[in-house]
Amino acid sequence: MKKLVLDSADIRILSALQEHGQLSKTRLAELVSLSPTPCWARLTKLKKAGLILGYHADIALHNLGDLTRVVVNVSLTNHRKIDFERFENHINQQDEIVECIATGGGTDYVMKVIVQNLAAFQCLIDELLSAELGIERYMTYIVTREVKSVQPNLSRLLKPR
């Protein structure tokens, strides 16, 4: 598939959607300084190219209660494709695991977990270990506070060098 070339107007559209979520045709056009019809045509092009995966609300979890957040590094015993697939398929079924990335280097995965308390986290870990996923070792880090969690600045990230 041919890579889509983005210009500054496309980046402004993506940035506006990233910051505000789903917007009306008129409001989006105002935010990115385009007239509504060309703006909507560009938005349609960006959607068709698969650059917009969806829209969501950013929920203030800290206002919902005293939830426990844990970062977990996982290393698998074996490194065959089937081992990674088994682990990833299982992880994708766990609602408490809100993010999981595969990494290179000393650990195979880094996961972000949100649970009601440490007891619930321990139950999750016990279940993962009982599922025979080939976990060799894991390291847990309890999140004490969130310092920064933002979307990337698309204008800077995609700026030509």
For region 41-61, indicate whether the set of residues that are hydroxyl-bearing (Ser, Thr, Tyr), modelled with pLDDT under 95 and either assigned to a loop (DSSP other than H, G, I, E, B) or closer than 30 Å to Val115 by Cα (or both) is non-empty.
yes
Inspect region 109-118 for any residue being over 23 Å from Asp58 (Cβ atoms) and surrounded by fewer than 16 Cβ atoms within 10 Å (Cβ to Cβ) and give the result as yes or no.
yes
Output for Cβ contacts, cut-off 9 Å, separation at least six or different chains, first residue more than 14 Å from Glu136 (Cα to Cα) in region 59-86, second of a type in the set (Gly, Ala, Ser) and assigned to a helix (DSSP H, G or I), reads Thr68/Ala120
For Leu133, all conditions in the list (1) aliphatic (A, V, I, L, M); (2) in a loop (DSSP other than H, G, I, E, B); (3) within 30 Å of Arg12 (Cβ to Cβ) hold save one; what is the number of the exception?
(3)
Assuming Gln94 fulfils every condition listed in (1) under 30 Å from Ala9 (Cβ atoms); (2) in contact (Cβ under 8 Å) with a residue 24 or more places away in the chain apart from one, which condition is it?
(1)
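The values are calculated or read from the model by the stated rules, or taken from the named source; none is laboratory data. Because the structure is a prediction, the values reported are computed rather than measured. Note that we place each Cβ from the backbone using ideal geometry, even for glycine, and neighbour counts take in every protein chain shown.
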